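Only one structure is covered here, and it is reproduced in the block below.
Just so it is clear, none of the values below were taken in a lab; they were calculated from the coordinates. Owing to the predicted nature of the structure, the values given are computational and were not obtained by experimental measurement. Cβ: placed from backbone, ideal geometry, glycine included. Neighbour counts: every protein chain shown.
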Amino acid sequence: MGKFLFGLIVGLIVIPASVYMYFSSGSAPVATSSTPMPFEKMLAKMALHAHMQKEMPKSSPIPADEAAFVAGAQIYKDDCAVCHGVPGQAQTAIAQGMFPKPPKLMEGTGVTDDPPEESYWKVAGGIRMTGMPGFDKLLSSTQIWQVSLLIANADKLPQSAKNTLTSAGIPTPMSHPMTK
C-alpha cells in the first residue's frame with residue numbers, strides 16, 4: 001500500500017510539473033506554421049462542442065428565406081470572406097497564414113451541415129485560439145442570424161445571394177471595420 005501511495009503522489013507531482021516545464025521552457029509549438037501540440041485538436045474540439053451545446057440558441061428567430069440569404073451574403077462578404085473565402089476565388093493571404101486554417105464556409109461540407117444555431121454561437125462569440133473573432137459587438141443579432149442562415153444553406157442558395165457573394169471583391173484588411 002505504501003508503494004502505491006508513493007507512486008500516486010509522485011505521479012500527481014511529476015505530470016503537472018512536466019506539463020509546466022513543457023510550456024514554460026518554450027518547447028510548446030506556438031507559431032501558426034508549427035504542428036499541433038499533442039492532443040491539441042482533440043481537447044480543443046471536445047471543449048468547444050461541450051460548451052457550445054450548453055449555450056447555443058435552440059432555434060432561429062428569423063426565417064431562412066431569400067431576403068435573409070441576400071442580407072447574410074453582404075455581411076459575409078464584408079466580414080467573413082477575408083478568412084473564409086467566397087466560391088470560385090483563391091484563399092486570401094490572411095487565410096493562408098492562419099492556424100488552424102479557417103474552413104471554407106461556402107464550399108463543401110463542414111459548416112453547411114452545421115445547424116444555423118451552432119454557426120450563430122460561433123459568429124457571435126468567436127472561438128478562442130483559432131483566429132475566429134466574436135462579432136456580437138459589431139453586428140446585430142439579426143445580422144448574425146442572417147449570416148448563420150446563409151452558411152448553413154450555402155449549398156442551396158438562390159442566385160441573388162450567389163450574385164451578392166461574387167460581386168466586387170473582398171474588403172482588404174485595412175478597410176475592414178474590425179481593424180479600425
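How do Lys162, Lys122 line up, fewest other C-beta atoms within 10 Å first?
Listing Lys162, Lys122 from fewest to most nearby Cβ atoms yields Lys162, Lys122.
Full extension from Arg128 to Lys54: what is 0.36 nm times the residue separation minus their Cα-Cα distance, to one decimal in nm? Display every interim value, and only then the final one.
Values: separation 74, 0.36 × 74 = 26.64 nm, distance 1.66 nm.
Answer, rounded to one decimal: 25.0 nm.
Relative contact order for region 69-168: what percent, with Cα pairs under 8 Å and sequence separation of 6 or more?
Details: 132 pairs, mean separation 39.2, N = 100.
That works out to 39 percent.
Springs between alpha-carbon atoms under 10 Å, Gaussian network over the chain: tell me which of Gly134, Gly11, Gly125 tops the mean-square fluctuations.
Gly11
What distance in nm lies between label points placed 7 Å from Cα along the C-beta direction at Ile94 and Thr166?
Computed distance between label sites Ile94 and Thr166 equals 2.3 nm.
Report the full-extension gain for the segment Phe23 to Asp136: residue separation times 0.36 nm, less the Cα-Cα distance, to one decimal in nm.
37.5 nm
About the Cα centre of region 1-95, what is the dipole size in debye to 20, counting +1 per Lys and Arg Cβ and -1 per Asp and Glu Cβ, all else neutral?
Using only the charged Cβ atoms, the result is roughly 540 debye.
Which value results when the Cα radius of gyration for region 69-168 is divided by 2.2 N^0.38 Å?
After normalising by residue count via 2.2 N^0.38 Å, the value is 0.98.
Round to the nearest 0.05 the FRET efficiency obtained for Ser34 and Glu107 when R0 = 30 Å and r is the Cβ-Cβ distance.
It comes out at approximately 0.70.
With a cut-off of at most 11 other beta carbons within 10 Å, and DSSP calling the residue loop, which trypsin sites (Lys or Arg not before Pro) in region 9-109 qualify? Please list them.
Lys58
Placing unit charges on C-beta atoms (Lys and Arg positive, Asp and Glu negative, everything else neutral), compute the dipole magnitude of region 90-143 about its Cα centre in debye, rounded to 20.
The dipole of region 90-143 has a size of about 280 debye.
Select from Ser25, Ser140, Ser167 the residue whose mean-square fluctuation is largest in a Gaussian network model of the chain (Cα-Cα springs shorter than 10 Å).
Ser25
List the DSSP H helices in the chain whose Cα atoms stretch 18 Å or more along the helix axis and whose mean Kyte-Doolittle hydropathy is at least 1.0.
Within the chain the helices that satisfy the rule are 2-24.
For the chain, just say rounded, prolate or oblate: build the C-alpha gyration tensor, square-root its eigenvalues into a ≥ b ≥ c, call rounded for a/c under 1.5, and beyond that prolate if a/b exceeds b/c, oblate if not. Don't skip to the answer; put the middle values down first.
Values: a/c = 2.96, a/b = 2.00, b/c = 1.48.
Because a/c hits 1.5 or more and a/b exceeds b/c, the chain counts as prolate.
Please give the net charge around Val86, taking every other residue with its beta carbon less than 15 angstrom from that of Val86, where Lys and Arg add +1 and Asp and Glu add -1.
Local net charge: -1.
Can you list the lysines whose alpha carbon sits under 16 Å from that of Lys137, skipping same-chain ones fewer than 8 residues off?
Lys122, Lys180
Specify the residue with the greatest mean-square fluctuation among Pro102, Pro29, Pro133, computed from a Gaussian network of the chain linking alpha-carbon atoms under 10 Å apart.
Maximum among the listed residues: Pro29.
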